[in-house]
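Taking it in order: structure first as structure tokens, then the write-up.
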Amino acid sequence: MKMTNKKKNNLSNGGSRRSFVQKTALATSALLTMPLGVDAMANVYGAKKLKLALVGCGGRGSGAAVQALTADENVELVAMADAFGDRIERSLKGIQDHFDGQKKINIPEKHRFIGLDAYKKAIDMADVVILTTPPGFRPYHFEYAINNDKHVFMEKPVATDPVGIRKVLEMAKVAKAKKLNVVVGLQRHYQSKYIDLKQKIDAGAIGKIRSGQVYWNDAGVWVKKRQPGQSELEYQMRNWYYFNWLCGDHILEQHIHNIDVANWFVGEYPESAQGMGGRQVRNGIDHGEIFDHHFVEFTYASGAVISSQCRHIPGTMSRVDEVFQGTKGNIETSKGQITDLEGILQYKYSKNEANYDTASNINQDPNPYQVEHDKLFASIRSGGVISDAENGAKSTMTSIMGRMATYSGQMIEWDKAINSGIDIHPKVYDFNAAPPVLPNADGFYPIAVPGVTKYL
């Protein structure tokens, strides 16, 4: 895929499904640590100052940069890249204000890289890179970082189509071979309560999971209106949440967290998905092509069936949660509790006793968004390896399957979907080039129609 930037100042193999036992890729903290051999000593940094680059300077990127700079005393932000210059400046000011004069930021103007190829220049300067652009770009940015021997923190999801998933899976293997650390922002794998409950599942507390319900239901997110003088590509990139090549729909961008927990707790990735969805309320001219509600059943080789629902509709019930039913009992993650088949409480997460304020009844467990960066930098320093990319890719693929199922109304099978060759991205990235989806004369974009839209 060719990327060009003619408007520089106008800135932003993993083929088949396979199940994993509970102590492999879906293990408690998604961490794989091992000592490095002589061939990998180049990746052991000891007390060396680590150079950090931020690629994608929105709110999540700025937060991740702050967390990375907090995680290690001897790390310095040396480069920033985004398609849009105003985003870099806003992000840089926020990071600088947070650290209030601490010497952790060294970003002269020449190291603020603007444009669609800007990520390469920033990555080239760093030891560790943060990838937080809209997820459609993630496979190509990840590929470049790994090919250039960089440790990576990248946000979820890690792709928006099966072709991107296969690229990430391929590069995950390369990263492992090079003993590079890769952390993916599925932070529940770094959250004390979830780790504790996963350990209880592995110990047989609820028996074998047979069913579950996972939720991300809320009122929705921001909208960026079209501005005068914007090209179609720039408009879509500014309003990226509403275009599948950039975002993948909210079943992917947000609901992946809950779907990932289902995969992790069940200990497998699903064989198939079927479901329904649509645009009931969020269907205006600024809402691109995505649905505002999805309901999916994921079926696993073990026989488990997980019901998945996500919704962006104001005035409706809000719930972000995961619930699972096993042969011996049930788990509700929001409450951190296990009950038997009669509903009698058997276990409740006690929070971290060392970090729990009993007087105020406040859980002071470590912030998992910070922990994932703490673990990343500690692993780099010690010569360990964290390998989150494979699970990140396969949980992303699970969410993509859900989207394919709701858009088409058909049963979607893992093997056929991941090997489909579906690529929803532009052939050329250029501000003056046409994106893969265009509005009609009235400004509305084509919408998937179940029973008509086909994928496989």
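The values are calculated or read from the model by the stated rules, or taken from the named source; none is laboratory data. Given the structure is predicted, the values throughout are model-derived calculations rather than measurements. Neighbour counts run over all protein chains shown; Cβ positions are idealised from the backbone, glycine included.
Taking the criterion of being in a loop (DSSP other than H, G, I, E, B) and either aromatic (Phe, Trp, Tyr) or modelled with pLDDT under 95 (or both), the only residue of the stretch 272-299 that qualifies is Phe291. Answer yes or no: is there a residue in the stretch 371-378 that is small (Gly, Ala, Ser), in contact with a helix residue (DSSP H, G or I) (Cβ under 6 Å, 6 or more places away or on another chain) and modelled with pLDDT of 95 or more. No, the conditions are met nowhere in the stretch 371-378.
A quick yes/no check of all residues on (1) buried (at least 22 other Cβ atoms within 10 Å of the Cβ); (2) within 17 Å of Met397 (Cα to Cα); (3) not polar (S, T, N, Q):
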site: Val158; (1), (2), (3): yes, yes, yes
site: Asp161; (1), (2), (3): yes, yes, yes
site: Gly164; (1), (2), (3): yes, yes, yes
site: Val174; (1), (2), (3): no, no, yes
site: Lys178; (1), (2), (3): no, no, yes
site: Val183; (1), (2), (3): yes, no, yes
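Filtering Arg311, Arg319, Arg279 for residues that are in the same structural domain as Thr406 (by TED's automatic domain parsing), crowded, with 21+ Cβ neighbours inside 10 Å and among the basic types (Lys, Arg) leaves a single hit, Arg311. Based on what the data block shows, is Phe113 of a type outside the set (Ser, Thr, Tyr), surrounded by 24 or more Cβ atoms within 10 Å (Cβ to Cβ) and assigned to a helix (DSSP H, G or I)? So Phe113 fails the test. It is to be established whether one or more residues within the stretch 420-443 are farther than 30 Å from Ser307 by Cα, at pLDDT 95 or above and of a type in the set (S, T, N, Q). Among the residues of the stretch 420-443, at least one is farther than 30 Å from Ser307 by Cα, at pLDDT 95 or above and of a type in the set (S, T, N, Q), which makes the answer yes.
Given the criteria buried (at least 21 other Cβ atoms within 10 Å of the Cβ) and in a loop (DSSP other than H, G, I, E, B), does Tyr269 qualify? Answer is yes for this residue.
For the stretch 167-266, which fully contained helices (runs of 4 or more DSSP H) count at least 1 residues that are out of contact with any Pro (no Cβ under 7 Å at 6 or more places or on another chain) and farther than 30 Å from Lys351 by Cβ?
Because the criterion is at least 1 residues that are out of contact with any Pro (no Cβ under 7 Å at 6 or more places or on another chain) and farther than 30 Å from Lys351 by Cβ, the helices (runs of 4 or more DSSP H) in the stretch 167-266 that meet it are 232-238, 250-253.
Among the residues of the stretch 414-429, not one is part of a loop (DSSP other than H, G, I, E, B), over 21 Å from the mean Cα position of the chain (by Cα) and hydrophobic (A, V, I, L, M, F, W, C).
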